[in-house]
């Protein structure tokens, strides 16, 4: 019984980063190049930022989440367009399976406070689909300027 408990504990601990979303580390050079955009501005010119790591200010996520690939889910993030009552900007996002729980914790109503989410702008050539591959929303830097992004 004791061996079984230890085995189960070892399996749980080895899979914890997968189950709870692993932190993503970026070197100082990469992190210094990260720019933060309002979603309304980024959505107008997503093509110009393909393969860039960006910060995006948004207010809420879309309610619909679609299971697109074995370990990936598609949804969207939204932000009210300032000065235009009732109008919103949005960008499609892909969320990895381990990060799905954290993504679902984001608000789904438009009255949510502004949050910053980090991701890489990607382009799927086969489906001609531009999206933001999310990596997290909390960024911390060490003394050397290296960053760790988590949910």
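We did not get these values from a lab; they are worked out from the coordinates using the rules stated. No experiment lies behind these values; they were computed from the predicted model shown. Using ideal geometry, Cβ is built from the backbone for each residue, glycine included, and neighbour counts are taken over all protein chains shown.
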Tilt relative to the chain, helix 2-20 - C-alpha long axis, 0 to 90 degrees, to 10
10 degrees
Given R₀ = 30 Å, FRET efficiency for residue 27-residue 50 by Cβ-Cβ distance, to 0.05?
0.90
Would you please give the FRET efficiency between residue 82 and residue 129, computed as 1/(1 + (r/R0)^6) with r the Cβ-Cβ distance and R0 = 30 Å, to the nearest 0.05?
0.65
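Starting from 0.36 nm per residue, how many nanometres of slack lie between residue 140 and residue 72 once their C-alpha separation is accounted for?
Fully extending the segment from residue 140 to residue 72 adds 22.0 nm.
If you count, for each residue, the other Cβ atoms within 10 Å and average over each peptide, how do 56-68, 79-91 line up from highest to lowest?
Peptide ranking by packing, descending: 56-68, 79-91.
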